[in-house]
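As structure tokens, the structure follows; a few thoughts come after it.
The values are calculated or read from the model by the stated rules, or taken from the named source; none is laboratory data. Since the model is a prediction, treat every value here as computed from it, not as a measurement. Cβ placement follows ideal geometry from the backbone for every residue including glycine, while neighbour counts extend to all protein chains displayed. Keep in mind that these areas ignore ligands, DNA and RNA; they rest on the heavy atoms of the full protein, side chains included. Shrake-Rupley method; radii C 1.70, N 1.55, O 1.52, S 1.80 Å.
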Amino acid sequence: MSMHPRQRLPRRAAPSAAVSAGDGTPPGIDPTGSPGTPTLRFPSDFGWGAATSAYQIEGAAKEDGRGESIWDTFSRTPGRTRNGDTGDVAADHYHRWSEDLDLMRDLGLHSYRFSVSWPRVQPDGTGQPNQRGLDFYRRLIDGLHDRGIAPMVTLFHWDLPQSLQDAGGWENRDTAYRFTDYAEAVYRGLGDQVPVWLTVNEPKTVVQNGYLQGHHAPGRQDPDAAYLVAHHLQLAHGLAVRALRASGSTARIGPALNLHPCYPADDTPAAASAARLYDGYENRLYLDSILSGGYPEDVLADLGAGSRMAQGIADGDMEIISTPVDLLAVQYYTPYYVTADGLTTRRWPTSQADWQQIYPDGMYDILTRITRDYGPVPITVTENGLPCPDVPGPDGVVDDTGRIAFLRDHITAAHRAIADGVPVESYHVWSLLDNFEWAEGYEQRWGLVYVDYTTQRRVPKRSAHWYRDVIRDNGL
Ligand code: FCB
């Protein structure tokens, strides 16, 4: 396991978001910063990046032999997404990838995290890879290298081939083995040029949004199925790590987990214990199984020995799931405050995404907690960002001041964690481009770069210019 050198850096208190203004700008913060005079420097080898995912940006849903994914099915089902939006065209990145790579180069990105679309590579989820699908990613990866940007490739960002869903999807243990075959096919096609692989993006979101609440594909509301799905996603992760290693890969491999600090909503012991169990479902279910080799006892007890998940854990599964990883990809958006009865309340202003409370200290808390509880596993922050109601002004400028303040405060919190010894080696903004935000369609804009969906014109927002300066100065 390669370790990022620990660096002690000068400390600076993170500004509190407690009294954030409506646009997300904390008082006393000049969101534009002062380029060229950073007061907060990052380690000299720190990596700055941005992230996207296939279904959210590519479009070209029917081109070059791509098969159907569960998100094609879901988004084309009336009532499932806002305004009936689909990823059919999205940001048309499949055709505009070269222009998008130039934008990344202009930003000065060191790293670009994107995902491979499983149904582009295996239209039916199994068998011989579709060469035209692999060729697209080959062009993209070569283009990144030409511009000096390191690819970071997520193997699964939710677009499961529909044919696998028809065979039971992630409720079917076999899907984990199909994922392993797919991972090997992608590795054979692209592996020589990819330094970092991420296996499964946010298994918890598949579990909670896809199988508990049902507002993501495949749109189920079945708690017993949900945690069996959690186990199979974890198994898929571990099997893929093993398969890539067995293929001779020397690349670094890890999971991509969205983690949420869970705080008691009040001082009562009941709230403390409810928050602890909530943390089990939000964080430890995924962290403990991968990094400590077992599911948390409290969560297993809460699910019950008769649950489909408990019944679905076969001998040897935990060894597979806990196959050592090289790094942990952390995605941080929001904290949770848990009441005595196990519900959540809000304490901080929310963004346009009503599930997101703006709380930069949560970034510090979750990063330091990983090192405290699991040791110095190298961390890359692979998602962090804010949706804003961005519109170009009469001068054409997209003035996303709230996003700049958000990024500034969260990057500051990550810096504090590094200063306290957490081996955070890189940071990626979600997202490079405005894109298809799942059930929210195109309404929420998360990009550094504005996309005019009528013309597909790209306009770097003010935050893009600001982030370029952060990268140039290696700090803020
Ligand atoms: C994360 C997802 C990403 C995007 C952001 C806003 O949960 O991984 O695709 O939707 O949230």
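Within segment 316-331, if we keep just the residues that are in a loop (DSSP other than H, G, I, E, B) and of a type in the set (A, V, I, L, M), the residue that is nearest to Phe406 (Cα to Cα) turns out to be Leu327. Only residues that are open to solvent by 10 Å² or more (accessible area, probe 1.4 Å) and part of a helix (DSSP H, G or I) were counted in segment 201-227, giving 8.
Tell me, please, whether a residue that is aliphatic (A, V, I, L, M), at pLDDT below 95, assigned to a loop (DSSP other than H, G, I, E, B) and away from the ligand (no atom under 16 Å from the Cβ) can be found in segment 24-42.
Step one: of segment 24-42, the residues aliphatic (A, V, I, L, M) are 29, 40.
Next, only the ones that are at pLDDT below 95 stay: 29.
So of that shortlist, the ones also assigned to a loop (DSSP other than H, G, I, E, B) come out as 29.
Adding the requirement that they be away from the ligand (no atom under 16 Å from the Cβ) leaves 29.
There is at least one residue in segment 24-42 that is aliphatic (A, V, I, L, M), at pLDDT below 95, assigned to a loop (DSSP other than H, G, I, E, B) and away from the ligand (no atom under 16 Å from the Cβ).
Scanning segment 149-171 for residues that are surrounded by 23 or more Cβ atoms within 10 Å (Cβ to Cβ) and of a type in the set (Asp, Glu) turns up just one, Asp159.
Quick check, is Met309 in contact with a His (Cβ under 8 Å, 6 or more places away or on another chain) and under 22 Å from Gly49 (Cα atoms)? In short, no. The condition (being of a type in the set (Ser, Thr, Tyr) and loosely packed, with under 15 Cβ neighbours inside 10 Å) is satisfied by just one residue among Ser247, Ser289, Ser273: Ser247.
Checked against (1) touching a Lys or Arg at 6+ places or on another chain (Cβ under 6 Å); (2) over 26 Å from Val397 (Cα atoms); (3) of a type outside the set (D, E, K, R); (4) crowded, with 18+ Cβ neighbours inside 10 Å, Ser463 meets all criteria but (2).
To keep it simple, each residue is scored yes or no on (1) within 16 Å of the ligand (Cβ to nearest atom); (2) touching a helix residue (DSSP H, G or I) at 6+ places or on another chain (Cβ under 6 Å); (3) assigned to a loop (DSSP other than H, G, I, E, B).
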residue	(1), (2), (3)
Gln311	no, no, no
Tyr333	yes, no, yes
Gln352	yes, no, yes
Thr380	yes, no, no
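Restricting to segment 317-335, give me the number of residues that are charged (D, E, K, R) and closer than 23 Å to Val381 by Cβ. Give the derivation first.
So in segment 317-335, the residues charged (D, E, K, R) come out as 317, 319, 326.
Subsequent filtering for residues that are closer than 23 Å to Val381 by Cβ retains 326.
Final tally of qualifying residues: 1.
All conditions in (1) closer than 30 Å to Tyr177 by Cβ; (2) within 16 Å of the ligand (Cβ to nearest atom) hold for Glu319, with the sole exception of (2). Only one of the listed residues (Val381, Val429, Val424, Val398) is farther than 21 Å from Arg113 by Cβ and of a type in the set (Val, Ile, Thr). That residue is Val398.
From the list Leu328, Leu343, the lone residue that is within 16 Å of the ligand (Cβ to nearest atom) and under 27 Å from the mean Cα position of the chain (by Cα) is Leu328.
Pick from Asp222, Asp181: which is within 18 Å of Pro129 (Cβ to Cβ) and among the acidic types (Asp, Glu)? From the options Asp222, Asp181, the qualifying one is Asp181. A single member of Ala225, Ala256 is within 25 Å of Trp355 (Cα to Cα), away from the ligand (no atom under 16 Å from the Cβ) and of a type outside the set (Ser, Thr, Tyr), and it is Ala225.
For segment 86-95, the set of residues classified as farther than 12 Å from Arg139 by Cβ and open to solvent by 60 Å² or more (accessible area, probe 1.4 Å) consists of Val89 only.
Of everything in segment 393-445 that is small (Gly, Ala, Ser) and either on the phi > 0 side of the Ramachandran plot or within 14 Å of the ligand (Cβ to nearest atom) (or both), the residue that is surrounded by the most Cβ atoms within 10 Å (Cβ to Cβ) is Ser431. Would you mind finding the one in Gly396, Gly441 that is in contact with a helix residue (DSSP H, G or I) (Cβ under 9 Å, 6 or more places away or on another chain) and touching a residue at least 24 places away in the same chain (Cβ under 8 Å)? After ruling out the rest, the residue left standing is Gly441. Take the conditions open to solvent by 10 Å² or more (accessible area, probe 1.4 Å), over 24 Å from Arg132 (Cβ atoms) and either in contact (Cβ under 8 Å) with a residue 12 or more places away in the chain or touching an Asp or Glu at 6+ places or on another chain (Cβ under 7 Å) (or both) and apply them to Arg188. Does it pass? No, not satisfied. The one condition from (1) surrounded by fewer than 16 Cβ atoms within 10 Å (Cβ to Cβ); (2) in a strand (DSSP E or B) that Asn83 does not meet is (2). Pairing each residue of segment 226-250 that is free of Cβ contacts under 8 Å to residues at least 60 places away in the same chain and closer than 15 Å to Gly316 by Cβ with any residue that is open to solvent by 20 Å² or more (accessible area, probe 1.4 Å) and part of a helix (DSSP H, G or I), provided the two are 6+ apart or on different chains, yields no C-beta distance under 9 Å. Would you check which residues across segment 228-257 are in a strand (DSSP E or B) and in contact with a helix residue (DSSP H, G or I) (Cβ under 6 Å, 6 or more places away or on another chain) and list them? If the condition is that a residue be in a strand (DSSP E or B) and in contact with a helix residue (DSSP H, G or I) (Cβ under 6 Å, 6 or more places away or on another chain), then Ile253, Pro255, Leu257 are the ones that fit.
Taking the numbered list (1) on the phi > 0 side of the Ramachandran plot; (2) under 26 Å from the mean Cα position of the chain (by Cα) in turn, Gly304 passes all entries but (2).
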